[in-house]
Amino acid sequence: MRAAARNRFLIGQYGSFDFKKYERDFRTGFFGIEACLFERAEDVELLRREAAASRFSVGVHFPLRPGGSAVRDALFLSENEEIRREAYEAIGQELEYLRVQELRPAYVLFHYPKPVILDDRVDWTEWRFADEKEYVYESRYSLDELKARSRLLFAWLTDKAAAYGFTPILEFDGLNRYVYEDEFLVELLEQYPKIRLCIDTARLYLQERIDRHFDARAVLRKYASYADLIHLSNLQLDPGNAVIKSRYPVLPTQHPGDGWAPIEDYLDIALGSNPQVRIMFEHRSDLVSDEELNACYAWVERLMLRYL
């Protein structure tokens, strides 16, 4: 049973293939590595070779390579037609690069919705955006626009998935009522079952703290069955919602009363609905000792084994 949990675990590699992190964080039996923004082609080749030699899977957090645009994420829902066209072209070029490099990713992940559609009622100061192009307010972006552009995106990604042999995964970014109140996204996920979701525990918690209209547990209950992946880390906030600790490994000693996210509740809801979901440890393991990192893995493993 232990293997059934561990073969659903991934670690992240951001910026390069870091052998020191790989040797410390990766464990025999883990599903794989999620890679993002590799600066050098040599690191892509290192990842390909190590994956083949050690027989683990690769996931790509788009983009694998930096420099395609000023904004990391593909703005495929932009109001601007030229920006949308550039986003689709960038994805297509990246998929072709992955094919040429023979990386064969199990999945390619994109943030959704992007641009993020912000609820005008909420103070989004604590949400991190690299550029103003990354967001638009709900008062300027209608539900009908989101439905139409999402439908085109789902059809296009489904075709690309078939052509290149990967699972498209959409990671929830900031969410507004279009996603958590309306049913259009559930309908699209049912219509295009090849497309799956990623849910980030730190984002869920931060939004629940800053947005009194947002219910993280309700979002998990609504969407966990459509998720292939959970990006797992913890976040500690002070009473004024300022960040104390971020991207911290999850531990059973982190109590919500001290400002930590209720990770056990989140995972119980997600795993109860979808016990096959994978866990990507999107944390900074350098923030903890070896013993604490082992405790993190062991705790999540125990939580998963309740449902496997």
Go through (1) without any contact (Cβ under 8 Å) to a residue 24 or more places away in the chain; (2) over 25 Å from V108 (Cα atoms) and name the single condition L287 misses. (1)
Does at least one position in segment 158-179 carry a residue that is within 14 Å of L75 (Cα to Cα), basic (K, R) and touching a helix residue (DSSP H, G or I) at 6+ places or on another chain (Cβ under 8 Å)? no
So, in segment 281-308, of the ones that are under 21 Å from the mean Cα position of the chain (by Cα) and aliphatic (A, V, I, L, M), which residue ends up nearest to S246 (Cα to Cα)? L287
On the given criteria, is L118 modelled with pLDDT of 95 or more, of a type in the set (A, V, I, L, M), open to solvent by less than 80 Å² (accessible area, probe 1.4 Å) and in contact with a Gly (Cβ under 8 Å, 6 or more places away or on another chain)? yes
Look at segment 255-300 and say how many of its residues are open to solvent by 20 Å² or more (accessible area, probe 1.4 Å) and in a helix (DSSP H, G or I). 18
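Yes or no: K160 open to solvent by 50 Å² or more (accessible area, probe 1.4 Å), touching a Gly at 6+ places or on another chain (Cβ under 9 Å) and either within 23 Å of W127 (Cβ to Cβ) or assigned to a helix (DSSP H, G or I) (or both)?
Working: open to solvent by 50 Å² or more (accessible area, probe 1.4 Å): yes; touching a Gly at 6+ places or on another chain (Cβ under 9 Å): yes; either within 23 Å of W127 (Cβ to Cβ) or assigned to a helix (DSSP H, G or I) (or both): yes.
In short, yes.
Within segment 19-61, can you find the residues that are farther than 17 Å from N7 by Cβ, of a type in the set (D, E) and part of a helix (DSSP H, G or I)? Give the steps one after another, and end with the answer.
Going residue by residue through segment 19-61, those that are farther than 17 Å from N7 by Cβ are 19-24, 35-50, 52-53, 60-61.
Subset that is of a type in the set (D, E): 23, 39, 42-43, 45, 50.
Across segment 19-61, the qualifying residues are E23, E42, D43, E45, E50.
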Out of the residues in segment 61-94 meeting the condition of being over 17 Å from V116 (Cβ atoms) and touching a residue at least 60 places away in the same chain (Cβ under 8 Å), tell me which one is least open to solvent (accessible area, probe 1.4 Å). I91
Taking segment 218-242, which residues are open to solvent by 60 Å² or more (accessible area, probe 1.4 Å) and either assigned to a loop (DSSP other than H, G, I, E, B) or closer than 17 Å to H283 by Cβ (or both)? P239, G240
Please work out which one of (1) closer than 21 Å to A106 by Cβ; (2) in contact with a Gly (Cβ under 8 Å, 6 or more places away or on another chain); (3) not small (G, A, S) is the condition P63 fails and give its number. (2)
Going through segment 91-147 in order, the residues found to be outside any strand (DSSP E or B), of a type outside the set (D, E, K, R) and within 20 Å of I199 (Cα to Cα) are P105, A106, P113, P115, W124, W127, F129, L146
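The values are calculated or read from the model by the stated rules, or taken from the named source; none is laboratory data. Computed from a predicted model, the values in this text were never measured in an experiment. As a convention, Cβ positions derive from the backbone with ideal geometry for all residues, glycine included, and neighbour counts pool all protein chains shown. The accessibility values were calculated without ligands, DNA or RNA, using every heavy atom of the protein model including side chains. Shrake-Rupley method; radii C 1.70, N 1.55, O 1.52, S 1.80 Å.
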